[in-house]
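For reference, the structure is listed below as structure tokens.
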Amino acid sequence: MKLSLTTLKTNNPMTNIYIGSLLFILSIFDVFIYSFLNLNITSFLPGNLTIFFPLIIGLIGLSFIRMEYTGIKFIDNLNKHINTTNFNALLTLLIIFTVLKAIPPALSWMILDANISGETKEACTGTGACWTYIKVWFKRFMYGMYPNELHWRINSAFILVIALGFVGYFFKENLKKYLALYYVIIYPIIAFLIIYYLISGGSFGLVWVETGAWGGLSLTFIVSFFCLIFCFPLGMILALGRRSNLPAIRYISICYIEFWRGVPLITVLFMSSVMFPMFLPEDFFMDKLVRVIIAITLFEAAYCAEVIRGGLQALPRGQYDAAKSLGMGYWKMHIFVILPQALKLVIPGIANTFLALVKDTPLIFVVGLAELAGMLALAKTNPKWLGFAMEGYIFAAIIFWIICYAMSKYSYNLERKYKTER
Amino acid sequence: MNNKIKKLIPQVLTILFVVLIFGFFTINAQVNMDNRGIDFGFGFLKQEASFDMQFTLLDYDGQDSYLWAYVVALLNTLLVSFLGIIFCTILGVIIGVARLSQNFLIRNSAAWYVEFFRNIPLLLQIFFWYYAALRALPLPETAEPWFGVTYMTIKGYYIPSMIWENFNVFLSCLIAAIVSIIFIRIYAKKLQEREGKQLPIFYISIGLLIILPLLSFLIGGVKLDFELPVLKQLAQTSFIFEGGIALPPELIALVVALSLYTSTFVAECVRAGIQGISKGQKEAAASVGLNPNQILKLVIMPQALRIIIPPTTNQYLNLTKNSSLAAAIAYPDLVLVFAGTALMQTGKAIEIVGITMLTYLTISLLIAALMNWYNKKIEIKEK
């Protein structure tokens, strides 16, 4: 029997697997024990070798496992997916070790050593996170400075608006042709009226709450909702304008789109808050929130227009020619033939634009509207609750991540759905 | 005739509409400014700015003009964008390639990296790094050195600065090296086309890049010294580092957040580009007898880059625009200094916001024009 390290040949091919698995498991075991129980079983080794020891024996183990074809499904899958070459094996080990090392501190900070009971800062005694802070400020993060006893108004307004959004699904067959009309014109108006009368109040015996008190996550929703429903029609008009045969309309659309796409949103918001009031008649006052919504709408409409233009361009020329040969005019052609097909094509793109819009809304913080990021900044500087910035931002990040991830997954599904249909 | 009028009417109406809006705004602005006693003009640019900036690349103090403050602030913006672009490209390419790895763990880690950083608003990420992560760093007196000579502290990152003697000689040597490499490459290409010989261009280039600047040290009298950051005690409990270059935490937070966020988008572009090349290309190249390196260099990359570069440039542009979020953590960029402080002091809202927007617009249009030119150059020339 010859024994060489590179091609270890024995009568039993399983020997390699046994040795390799043993070394591999040993290396993981070493790191696991070290990170969870803080026990260094290789402390007898000199200096830096202790650190690299699991890596080295893990690598040797994986290369043993890789040496021979065994026919065992699990091992073959392992070789195929995480253990193809030495380099891949190294990366695999590094990832496993990083995860193992990262779990204990993250776990102890987030859960084991964290506090959630109590109502004041003093309740937080552990070295971990202070979720009491989030618990106490939760209503502020959600509703801003909106009076506590009036929160039902925001909730009911949102429920109403969402419910109305689903009404379209239940339209009877003979009403279906008005669906677009409903969503583009009637729905925004009704939604605006609901939000205005219910959240702002001032009539029907409801107390007036000025927009300065609005805030938190609900403000994020309000701003993104309005920008979303207003920027879509505007974007459509601009997209049609950019593809028009009429030079004046085309160039005006191009100028508009390129201008808004060329400037950062933050300067647009600055413009809406300091420059725009100068352009209005003297005694005409426009609420800051309204100005911000207008600014974001104008800004996002340019991006929307480019997405819709992509859809218009993707339609084959034959569609235009066919519609024209039936004697349809410009508007008839677009409303009944072109737009229904083009808009179906761009739904994923539009969803992505809306996703960007939602991610951009925290920016309204810079003009002094306290949505979630703004409330966090406020809470962070509250003298009673100093030093909990980390918890606040992690909380906000989790909330935004869930919203955005859900949206992006939804748009991905839409994309797949419409791809297969064509 | 009828048709012409039919085409003319909507155009005239649109133009009229636009002119009316602009006219309405101009008249209102005139009235408003008259009422408040503000006059329109750019004369203020020459006035003394009289505010300080925390971090500048060029010499600046409060006695300089607003125009100079604008230039300095613009440079700060460009610095952040430049650093962000470099780091996001490196990260993005690595993650993009990793997303296509055969290794299950690597592929999924990369996918989760992308999903994680892409779906958190950039502003929150910047806040997180600035207010939460960087605040957990040690104070100057307890800071451990990184790589021996640099110090990461709560007050910023201290790195050694370089002190050059006869820097011009060094620079001209470097330029000479680059120019000669370009010429040698052209010559090598011609030689290959004419005689089929291949020069080892890569090694020649590396050699030239090392040898020529090295010569300037030996013969040209160039000297390079490092000034190390040294801990200095100001008072009983207050320490700072002196000497070297101090990168403020605002800059670090901004660059980290921008590059992590944008790298996810770059990664997606890279992945799409590599996936966009059909397998047949690789197999065809292999069957012609090219080795894996040559396949990557001569067949895959030129085609993949054609797909990758346009959307990636778009992301660079987004990064540049997003760098304006610096204003939220008080990094002295264009928006904070000019549209913030200068606007407060002068009250010239229209001029200042206009200049700021125009600056960003110019950068965007310049890059877009460059992109169009590049696209024309690399597009597949069909007969």
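Name the one entry in A:Phe285, A:Phe299, A:Phe336, A:Phe354 that is surrounded by fewer than 18 Cβ atoms within 10 Å (Cβ to Cβ), closer than 30 Å to A:Met145 by Cβ and among the aromatic types (Phe, Trp, Tyr).
A:Phe285
Report the residue count in the stretch A:99-133 for those that are touching a helix residue (DSSP H, G or I) at 6+ places or on another chain (Cβ under 7 Å), modelled with pLDDT of 80 or more and not hydrophobic (A, V, I, L, M, F, W, C).
The qualifying residues number 2.
Could you please give the count of residues in the stretch B:72-104 that are part of a helix (DSSP H, G or I), of a type in the set (S, T, N, Q) and either touching a Leu at 6+ places or on another chain (Cβ under 8 Å) or within 30 Å of B:Gly62 (Cα to Cα) (or both)?
Qualifying residue count, the stretch B:72-104: 3.
Restrict the check to the stretch B:137-155 and report whether at least one residue is within 29 Å of the chain's Cα centre (by Cα) and either of a type in the set (Asp, Glu) or assigned to a helix (DSSP H, G or I) (or both).
Among the residues of the stretch B:137-155, not one is within 29 Å of the chain's Cα centre (by Cα) and either of a type in the set (Asp, Glu) or assigned to a helix (DSSP H, G or I) (or both), which makes the answer no.
Under the condition of being among the aliphatic types (A, V, I, L, M) and within 9 Å of chain A (Cβ to nearest Cβ), which residue from the stretch B:107-134 is surrounded by the most Cβ atoms within 10 Å (Cβ to Cβ)?
Within the stretch B:107-134, the match that is surrounded by the most Cβ atoms within 10 Å (Cβ to Cβ) is B:Leu123.
Of the conditions (1) within 14 Å of another protein chain (Cβ to nearest Cβ); (2) in a helix (DSSP H, G or I), B:Asp39 satisfies every one except a single condition; which number is it?
Condition (2) is where B:Asp39 drops out.
Hey, can you tell me all the residues within the stretch B:337-383 that are of a type in the set (Ser, Thr, Tyr) and within 21 Å of the chain's Cα centre (by Cα)?
B:Thr356, B:Thr359, B:Tyr360, B:Thr362, B:Ser364, B:Tyr374
From the residues in the stretch B:205-239 that are loosely packed, with under 13 Cβ neighbours inside 10 Å and hydroxyl-bearing (Ser, Thr, Tyr), which one is nearest to B:Leu174 (Cα to Cα)?
B:Ser238
With B:Asn291, B:Asn372 as the choices, which residue is out of contact with any Phe, Trp or Tyr (no Cβ under 8 Å at 6 or more places or on another chain) and more than 14 Å from chain A (Cβ to nearest Cβ)?
B:Asn291
Right, A:Thr381: crowded, with 21+ Cβ neighbours inside 10 Å, in the same structural domain as A:Ser218 (by TED's automatic domain parsing), of a type in the set (S, T, N, Q) and closer than 30 Å to B:Ile329 by Cα or not?
no
Return the only residue of B:Gln30, B:Gln63 being more than 9 Å from chain A (Cβ to nearest Cβ), at negative phi, surrounded by fewer than 18 Cβ atoms within 10 Å (Cβ to Cβ) and outside any loop (DSSP other than H, G, I, E, B).
Selected residue: B:Gln30, the only one of B:Gln30, B:Gln63 that is more than 9 Å from chain A (Cβ to nearest Cβ), at negative phi, surrounded by fewer than 18 Cβ atoms within 10 Å (Cβ to Cβ) and outside any loop (DSSP other than H, G, I, E, B).
Yes/no matrix, rows are residues, columns are (1) surrounded by 13 or more Cβ atoms within 10 Å (Cβ to Cβ); (2) at negative phi; (3) β-branched (Val, Ile, Thr):
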| position | (1), (2), (3) |
| --- | --- |
| A:His81 | yes, yes, no |
| A:Phe87 | no, yes, no |
| A:Leu93 | yes, yes, no |
| A:Ile111 | no, yes, yes |
| A:Gly128 | yes, yes, no |
| A:Asn148 | no, yes, no |
| A:Ile154 | yes, yes, yes |
| A:Leu164 | yes, yes, no |
| A:Leu175 | no, yes, no |
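Pick out, from the stretch B:182-272, the strands (runs of 3 or more DSSP E) lying fully within it that include 1 or more residues that are within 30 Å of B:Ala110 (Cβ to Cβ).
Counting at least 1 such residues, we get B:245-247.
What is the one condition in (1) over 28 Å from B:Leu366 (Cα atoms); (2) at pLDDT 90 or above that A:Thr297 does not satisfy?
(1)
How about the stretch A:53-79: which of its residues are in a loop (DSSP other than H, G, I, E, B) and surrounded by 15 or more Cβ atoms within 10 Å (Cβ to Cβ)?
Matches in the stretch A:53-79: A:Met67, A:Glu68, A:Thr70.
Quick one: A:Ala305 ticks every box in (1) modelled with pLDDT under 90; (2) more than 12 Å from chain B (Cβ to nearest Cβ) except a single one, so which number is it?
Among (1) modelled with pLDDT under 90; (2) more than 12 Å from chain B (Cβ to nearest Cβ), A:Ala305 violates only (1).
If you take the residues of the stretch B:161-177 that are closer than 30 Å to B:Leu319 by Cβ and modelled with pLDDT of 80 or more, which of them is surrounded by the fewest Cβ atoms within 10 Å (Cβ to Cβ)?
Among residues in the stretch B:161-177 that are closer than 30 Å to B:Leu319 by Cβ and modelled with pLDDT of 80 or more, the one surrounded by the fewest Cβ atoms within 10 Å (Cβ to Cβ) is B:Ile175.
Where in the stretch A:280-336 are the helices (runs of 4 or more DSSP H), entirely inside, with at least 1 residues that are in contact (Cβ under 8 Å) with a residue 24 or more places away in the chain?
In the stretch A:280-336, A:288-314 are the helices (runs of 4 or more DSSP H) which contain 1 or more residues that are in contact (Cβ under 8 Å) with a residue 24 or more places away in the chain.
I'd like the full set of residues that are touching a helix residue (DSSP H, G or I) at 6+ places or on another chain (Cβ under 8 Å) and among the basic types (Lys, Arg), limited to the stretch A:270-328.
A:Lys288, A:Arg291, A:Arg309, A:Lys324, listed by residue number.
What number of residues within the stretch A:389-417 are within 9 Å of another protein chain (Cβ to nearest Cβ), surrounded by 13 or more Cβ atoms within 10 Å (Cβ to Cβ) and of a type outside the set (Gly, Ala, Ser)?
Residues meeting the conditions: 10.
Return only the number of the condition from (1) modelled with pLDDT under 80; (2) in contact with a Ser or Thr (Cβ under 9 Å, 6 or more places away or on another chain); (3) within 30 Å of A:Gly387 (Cα to Cα) that B:Glu227 does not satisfy.
Looking at each condition in turn, B:Glu227 falls short on (3).
The values are calculated or read from the model by the stated rules, or taken from the named source; none is laboratory data. Small disclaimer: the values here were computed from a predicted structure and weren't measured. Methodologically, a virtual Cβ is constructed for each residue, glycine included, from the backbone with ideal geometry; neighbour enumeration extends over all protein chains shown.
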